[in-house]
Amino acid sequence: MTFHIITIFPNLFESYLSDSIMKRAIIRKDISVKFYNPRDFTKSKHNKVDDIPYGGGPGMVMMADPIIAAWKKARGVKRRAVAQVKGEKKNYKTVILSPGGKEFTTAYAKQSAKKYTDIIIICGRYEGIDARVKKFLGRQADEVSIGNYVLTGGELAAMVMIDSISRQIPGVLGNASSLEESRVSSHEVYTRPEVLEETGKKYRVPPVLLSGNHKLIDEWRKDR
């Protein structure tokens, strides 16, 4: 799986992708992450990528031209014929991150990991992205939101999507049973010591988890 991230702040991803599971997945080439900065595609000598909104209002709007140019680069429009000659089979999906988009869920992540080889994620900033980007892309793109709240930009949301989709790819977690959503699991978990003593009070592990009776343990977890 290759993630193509269109963002004016690619450095925000460095610390997240350079550690833990994501780092190992990149080293093993289970996933790759590429960046496309709209500033590199602007026609402005000052690398301007935003402008005041038509109709007035506060803030700035990200311009369509640089984003579309970055998308074309990520999509490999000019190299498509070469890719076909080499026998490469790729299936692209574009995601425009937006507070008004469809909800991102584990089901969406599963489908994405199963169906696509390349996912292009467009990160908005400021007051948003010129709506003509969505009109240009049409059915090639989904507008997606990771929750009912507003972030400063789409970069954090893109990291959430990369994480959630990546863990659905075989090999990324190492052990397929680590997928909590594919087994009986609970948000309430315990480990050693069996008895934790703090400020004169003892906190014990629920006896059922020490019983060795996996049927009872699964039933307990379902109720949590």
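Computed from the coordinates by the stated procedures, all read-outs in this text should not be read as laboratory data. Here the structure is a predicted model, which means the values were calculated and not measured. Heads up, the Cβs are rebuilt from the backbone with ideal geometry, glycines too, and the neighbour counts pull from every protein chain shown.
Counting every other Cβ atom within 10 Å of each residue's Cβ, Trp71, Trp220 order from fewest to most as Trp220, Trp71. Calculated mean residue ellipticity at 222 nm for the chain: -8000 deg cm²/dmol, from DSSP H runs with n ≥ 4 weighted as -39500 (n - 2.57), summed, divided by the residue count and rounded to 500.
Across the chain, the mean sequence separation of Cα contacts (distance under 8 Å, 6 or more residues apart), normalised by length, yields a relative contact order of 22 percent.
Fewest-first ordering of His187, His4 by other beta carbons within 10 Å of each residue's beta carbon gives His187, His4.
Shown for the chain are the DSSP H helices of 15 Å or more along their axis, judged by Cα atoms, with a mean Kyte-Doolittle hydropathy of at least 0.5: 155-166. Within a straight-line Cα-Cα reach of under 12 Å, Lys73 can be paired with the following aspartates and glutamates, leaving aside sequence neighbours fewer than 8 residues apart in one chain: Asp40.
When DSSP beta bridges are restricted to pairs lying wholly in the range 2-177, around 10% turn out antiparallel. Relative protection proxy for 206-216, 103-113, from highest mean packing down: 103-113, 206-216 (other beta-carbon atoms within 10 angstrom).
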